[in-house]
Amino acid sequence: MAGLLAPGGAARPALPDDVGEGRPAEVDRPSPVPVARPVIGEAEIEAAVRVLRSGRVVQGPEVAAFEEEFAELVDGRACVAVNSGTSALYLSLLALGIGPGDEVVLPSFSFAATANAVRLVGAEPVFADLEQGGFGLDPAAAAAAIGPRTAALLPVHLYGHPAALDRLVPLADRHGLLLLEDACQAHAATLHGRPVGTFGAVGCFSFHPTKNMHALEGGMVTVADRQLAARLRMLRNQGMAEGDRHEVVGGNLRMTDLSAAVGRVQLTALAGRTARRRANAAVLDTGLSPARSHGLLCPAVADGAGHVYNRYTVRVAAEQRADFQEELARRGVRGSVHYAVPIHRQPAYQGQRRLPLPRTEAAAAQVLSLPVHPELSAGESARVVAAVNEVAALLDGGPR
Ligand SMILES: *Cc1c(COP(=O)(O)O)cnc(C)c1O
């Protein structure tokens, strides 16, 4: 119970989830180490001002340039920019003709957007469990979820770790299914040297400020097939082809040039920031060995996986997680939980078809994400390591 009380004995208010900057520090304490710190630096501001001064802010030359530059991340695939990662998923499903009567197999342990996109096109999500010891869709569970109405698999590269595409792609091929990658958290992640977003019919990326790179808001679809890319371009812009011919029914899901200009700056910094995320993760991997001896589990990296650490997510005993988080907060370290309630238990998804999800339930109860973002100072990293080791020793006991 002590862990639930602040030093003064008063109950603490709940911590905000994903704040960029900490609230004012308590007296005699440094400000908390935040879980994420979105970057809007001088270069981003200059790019935005340049676009604003040009007077041309809607989808235009900046979007076209951003698409071309992003293609270098995905082996030259066609890239189609949209206004969010959710729109990238939604438009992809729409363009691939997935809709009412179709089922899409996906993990329940993800951000709700993954399943929302499926429901928005009128198809049915079918939830399958995670891999043992990891946070990606389990190929065996996905296989068991396939039925006569299955149209597609939709794995998620959760936290920046690639899903088991080396087994999911052949599975989709064997059953004649489409495969869409939710790469919203995984810019520049790789599997056996090949970038995510190049394995499936489409890869979908997000540029929300909590992701590895941002465009204020935005999304990108990476597409193997040029005709599909052309269809996506029509769908994002009222179904318009040349001139003012509306070939199909579309919407307005365009990215603005303002967003694209910011995204282009962020893209140039991505390699450096990814390297810093990996270096920060390595400091945690090494530094947390005392905590591991008290039962904490550090994130596993699959063979051949190039993890980009959108989150550094450990597992602690479910019944201790709240205390763990609270004790970390007392030591000036923010830990956050993604996702405490898996999608199949959200009110909007009651009664949705699903397989047994024991690993999903365990993950939802045990996960805790620690600060790993590229703006962490060496001092902050050291504080995170020290705090986690202290709390793990204090609570002693890992996930079962
Ligand atoms: C962020 C995210 C999305 C949605 O992206 P938005 O840009 O916020 O719409 C979808 N799936 C996953 C796994 C995400 O993390």
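The values are calculated or read from the model by the stated rules, or taken from the named source; none is laboratory data. Quick caveat: nothing in here was measured; it's all calculated off a predicted structure. Ideal geometry is used to build each Cβ from the backbone, glycine not excepted, and the neighbour counts take in all protein chains shown.
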Just one listed residue, out of G239, G243, is of a type outside the set (S, T, N, Q), out of contact with any strand residue (DSSP E or B) (no Cβ under 6 Å at 6 or more places or on another chain) and either away from the ligand (no atom under 16 Å from the Cβ) or touching a residue at least 60 places away in the same chain (Cβ under 8 Å) (or both), and it is G243
Condition set in a loop (DSSP other than H, G, I, E, B) and either among the β-branched types (V, I, T) or outside the structural domain of D173 (by TED's automatic domain parsing) (or both), scope the range 197-224, selection nearest to S84 (Cα to Cα): answer is T210
Between L180, L191, which is crowded, with 20+ Cβ neighbours inside 10 Å, away from the ligand (no atom under 16 Å from the Cβ), over 12 Å from the mean Cα position of the chain (by Cα) and under 18 Å from L137 (Cα atoms)? L191
Log entry, pairs with first residue in the range 201-219 being acidic (D, E) and modelled with pLDDT of 95 or more, second being outside any loop (DSSP other than H, G, I, E, B) and more than 7 Å from the ligand (Cβ to nearest atom), beta carbons closer than 8 Å, six or more apart or on different chains, reads E217/S259
Find all pairs meeting these conditions: Cβ atoms under 6 angstrom apart; at least six residues apart or on different chains; first residue within the range 167-194 and more than 16 Å from F205 (Cα to Cα); second residue part of a loop (DSSP other than H, G, I, E, B). L168/P155; V169/F199; H175/I146; L178/L96; L178/A201; L191/P162; L191/G304; H192/G304
So, in the range 303-331, exactly how many residues are within 16 Å of A392 (Cβ to Cβ) and not acidic (D, E)? 16
Matching residues, the range 194-218, being in contact with a Leu (Cβ under 8 Å, 6 or more places away or on another chain), buried (at least 24 other Cβ atoms within 10 Å of the Cβ) and under 20 Å from V39 (Cα atoms): F207, N212, M213
Condition test on Q227, is it within 26 Å of the chain's Cα centre (by Cα) and assigned to a helix (DSSP H, G or I)? no
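Of the residues E26, E42, which single one is modelled with pLDDT of 60 or more and either under 23 Å from H373 (Cβ atoms) or not assigned by TED's automatic domain parsing to the domain that holds M240 (or both)?
Numbers: E26 fails: modelled with pLDDT of 60 or more.
Of E26, E42, the one residue that is modelled with pLDDT of 60 or more and either under 23 Å from H373 (Cβ atoms) or not assigned by TED's automatic domain parsing to the domain that holds M240 (or both) is E42.
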Of these, R194, R276, R245, which one is out of contact with any Lys or Arg (no Cβ under 6 Å at 6 or more places or on another chain), at pLDDT below 95 and farther than 18 Å from V80 by Cβ? R245
Considering the range 382-400, residues that are crowded, with 19+ Cβ neighbours inside 10 Å and modelled with pLDDT under 95, and then whichever is farthest from A340 (Cα to Cα), we arrive at L395
The range 96-112 residues that are within 16 Å of the ligand (Cβ to nearest atom), paired with ones that are at pLDDT below 95 (beta carbon under 7 Å, 6 or more apart): S108/R354
